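Enquirer: Got a structure here, written out as structure tokens. Questions coming.
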């Protein structure tokens, strides 16, 4: 066993710089081939090619500083018991013209260099490619499930392979032979959910900035050894793969998937974009919602800024400022009695100018009611990145459209709209997309207590403990 | 479709000549008796039902408040119409079964609903009182075996209503309201150990009228270990 010298490089989240306003995540987010994001010592870590890594306390602002010795490319990390196993590859990848490579394993009890438990122990090589065979032993990825530890690896140069490791030692199980499970992939990841094993990997061209065609694909199998097939039944060994994530907006070249299970019905994925067009086209870390539809993983989206109806999944009612209902002038009797051939004309909708002056000036409670396309039912969602964020999404302010009235948590754990947004924590909200595509709305002040906006009655919202199994805490944002 | 009562007025008008020509069609079926919906409250304390609904109430015969539509029941209107100052008696006290209002026009009835909800329309109809354009006042007393914190009063009503616990407003349901259990929940409340007095007022224009009320604990589970009396 080789013992690496404990590095002394300190972490400095304080050095994290502000991100461009439109970009995702804040701080120093530059990385290629990020490993699965894992928690250690109250911080979140990911490691990339060449030895560096990123660390964050909130999943939003990232800083360089983590240490992974051994160099090489595309590591992965899994925690089993007290150990963090790290897999990485040395050689191969077509770099310098070769495909001879070794996948190595090491472990440490902490990923935080400031911890006394931070000390890497090398286990050794668990998979290799000889440079001639149709395999390139790089891009390792762990799956620990049901007491067994699996490792996938490989690139476009031949097949993706699977081996089994001993979770006690990290070594390859004696007598275990690699199994081919896919082609046309690299940067694979394995996960298990509801009786299915999923093999995710990247298709397309790597490492060409804004011209990289990288995109993340998936197949699934009842057996971890395969056969993995996509949604059309095409085997991944024949090039199949259902799309999970691709370029969008100013982010180009989605690759190197990692699953982040945050509890409370929230799953996210880590990935890199080959080019963040707001950051000089450099390769960056991203964290985005992960949805599940019909048993398949699908990339979600952070909520786009804009004006919405906020609809309760419990009752279908809309969140609204609790003010007097103002009728639209209308002669219902004349309308009922009108003849089919009578001329028609547009009827103006109700505007803020029609009713805003009737609203109380002070804080107003909110409730839920049938959506009527009324001004007190429309909310403008605006990112407030300067206030920070949480796992891939900034904090948001939620204001009544056209006003400064802001949704706020009260000291009594109820919800109201204060007259003016001040930037106070009680007026900042996390909006996290849940695996079914709906959203969880969490006040910054109550996130640690796991309280969220919950419809406890058909017409009553409050702040209550979030139950991922219930529609009470699920919300949909619907464009008016 | 209460707001659409206009439509039924139109239809009824068109059928009027036919009704006059065929008297048999106008024969009204008998009004369902009070016993179909209520039993007289007993002197023994009652408990909430299995779902926590409180079925024992003192109900005042309906107060006239003509309204041809429920569309007027905005928050401002309802707060004014159902203000405690409009209560025909001493707000906060527990009326006696059979007692009359000061003017002698209306009487209190101590009843146990045989259903989970309290059928106000049928209460009025069975007594031969006005069913539409009215305000119903309801009072009950719950005896809590201990002080309970973070409790919520969960109310549904048809139509709008306001509810008080020990003299403080706890829940308000505005607009043209339909009966939905757990429609509106109060903020977190404390039930005192011993007697807690609940007042409610339901306003209705056309159509049926009823309400339901229960208390939920901090986990949203119904509270059943309460003794309900109206003496």
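Enquirer: Report, by residue number, each residue of the range A:329-371 that is closer than 20 Å to residue A:427 by Cα and exposed (fewer than 11 other Cβ atoms within 10 Å of the Cβ).
Expert: Matches in the range A:329-371: A:361, A:362.
Enquirer: Restricting attention to the range A:267-312, report how many residues are closer than 29 Å to residue A:49 by Cβ and in contact with a strand residue (DSSP E or B) (Cβ under 9 Å, 6 or more places away or on another chain).
Expert: Total meeting the criteria: 31.
Enquirer: Still on this structure: Taking the range A:451-480, which residues are in a loop (DSSP other than H, G, I, E, B), surrounded by fewer than 19 Cβ atoms within 10 Å (Cβ to Cβ) and away from chain B (no Cβ under 14 Å)?
Expert: A:468, A:479, A:480
Enquirer: Just a yes or no: is a residue in the range B:88-103 out of contact with any helix residue (DSSP H, G or I) (no Cβ under 6 Å at 6 or more places or on another chain), away from chain A (no Cβ under 14 Å), surrounded by 21 or more Cβ atoms within 10 Å (Cβ to Cβ) and under 24 Å from residue B:41 (Cα atoms)?
Expert: Within the range B:88-103, one or more residues are out of contact with any helix residue (DSSP H, G or I) (no Cβ under 6 Å at 6 or more places or on another chain), away from chain A (no Cβ under 14 Å), surrounded by 21 or more Cβ atoms within 10 Å (Cβ to Cβ) and under 24 Å from residue B:41 (Cα atoms).
Enquirer: Run down A:295, A:281 and say which single residue is assigned by TED's automatic domain parsing to the domain that holds residue A:197 and closer than 16 Å to residue A:206 by Cα.
Expert: From the options A:295, A:281, the qualifying one is A:281.
Enquirer: Among the numbered criteria (1) surrounded by fewer than 23 Cβ atoms within 10 Å (Cβ to Cβ); (2) touching a strand residue (DSSP E or B) at 6+ places or on another chain (Cβ under 8 Å); (3) modelled with pLDDT of 90 or more, which one does residue A:48 miss?
Expert: (1)
Enquirer: Also, quick follow-up: Restricting to strands (runs of 3 or more DSSP E) lying wholly in the range A:60-174: which have 1 or more residues that are in contact (Cβ under 8 Å) with a residue 24 or more places away in the chain and within 30 Å of residue A:384 (Cβ to Cβ)?
Expert: Counting at least 1 such residues, we get A:61-64.
Enquirer: Can you spot a residue in the range A:142-151 that is under 25 Å from the mean Cα position of the chain (by Cα), at positive phi and at pLDDT 95 or above?
Expert: yes
Enquirer: Still on this structure, I have one more. In the range B:51-87, how many residues are in contact with a strand residue (DSSP E or B) (Cβ under 9 Å, 6 or more places away or on another chain) and in a loop (DSSP other than H, G, I, E, B)?
Expert: 14
Enquirer: I've got another one for you. Based on what the data block shows, is residue A:471 in the same structural domain as residue A:377 (by TED's automatic domain parsing) and within 17 Å of residue A:409 (Cα to Cα)?
Expert: No: the conditions fail for residue A:471.
Enquirer: Would you point out which residue out of B:116, B:137, B:108 is in contact with a strand residue (DSSP E or B) (Cβ under 6 Å, 6 or more places away or on another chain), at pLDDT 95 or above and part of a loop (DSSP other than H, G, I, E, B)?
Expert: Matching residue, one of B:116, B:137, B:108: B:116.
Enquirer: Mind listing whichever residues of the range B:124-133 are under 23 Å from residue B:83 (Cα atoms) and touching a helix residue (DSSP H, G or I) at 6+ places or on another chain (Cβ under 7 Å)?
Expert: B:130, B:131
Enquirer: Give the range A:312-328 a look and list any residue that's under 21 Å from residue A:478 (Cα atoms) and either loosely packed, with under 12 Cβ neighbours inside 10 Å or away from chain B (no Cβ under 14 Å) (or both), or say none.
Expert: A:313, A:319, listed by residue number.
Residue by residue, here is whether (1) touching a helix residue (DSSP H, G or I) at 6+ places or on another chain (Cβ under 9 Å); (2) assigned to a strand (DSSP E or B); (3) at pLDDT 95 or above holds:
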{"residue": "A:262", "(1), (2), (3)": "no, yes, no"}
{"residue": "A:268", "(1), (2), (3)": "no, yes, yes"}
{"residue": "A:272", "(1), (2), (3)": "no, yes, yes"}
{"residue": "A:286", "(1), (2), (3)": "no, yes, yes"}
{"residue": "A:292", "(1), (2), (3)": "no, yes, yes"}
{"residue": "A:298", "(1), (2), (3)": "no, yes, yes"}
{"residue": "A:302", "(1), (2), (3)": "no, no, no"}
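Enquirer: Sticking with this structure for a sec: Only one of (1) surrounded by fewer than 19 Cβ atoms within 10 Å (Cβ to Cβ); (2) touching a residue at least 24 places away in the same chain (Cβ under 8 Å); (3) closer than 20 Å to residue A:133 by Cβ is not met by residue A:177, so which one is it?
Expert: Tallying (1) surrounded by fewer than 19 Cβ atoms within 10 Å (Cβ to Cβ); (2) touching a residue at least 24 places away in the same chain (Cβ under 8 Å); (3) closer than 20 Å to residue A:133 by Cβ, residue A:177 fails exactly one: (2).
Enquirer: Related question: Those residues that are more than 11 Å from chain B (Cβ to nearest Cβ) and either at pLDDT 95 or above or more than 51 Å from the chain's Cα centre (by Cα) (or both), I need them from the range A:329-343; list them, please.
Expert: A:338, A:339, A:340, A:341, A:342, A:343
Enquirer: Suppose we filter the range B:184-222 for residues that are part of a loop (DSSP other than H, G, I, E, B), within 13 Å of another protein chain (Cβ to nearest Cβ) and crowded, with 20+ Cβ neighbours inside 10 Å; how many remain?
Expert: 1
Enquirer: I would also like to ask the following. Out of curiosity, is residue B:154 in a strand (DSSP E or B), touching a helix residue (DSSP H, G or I) at 6+ places or on another chain (Cβ under 8 Å) and within 14 Å of chain A (Cβ to nearest Cβ)?
Expert: no
The values are calculated or read from the model by the stated rules, or taken from the named source; none is laboratory data. As the structure is a prediction and not an experimental result, all values here were calculated from the model. No Cβ is skipped: glycine too gets one built from the backbone with ideal geometry, and neighbour counts run over all protein chains shown.
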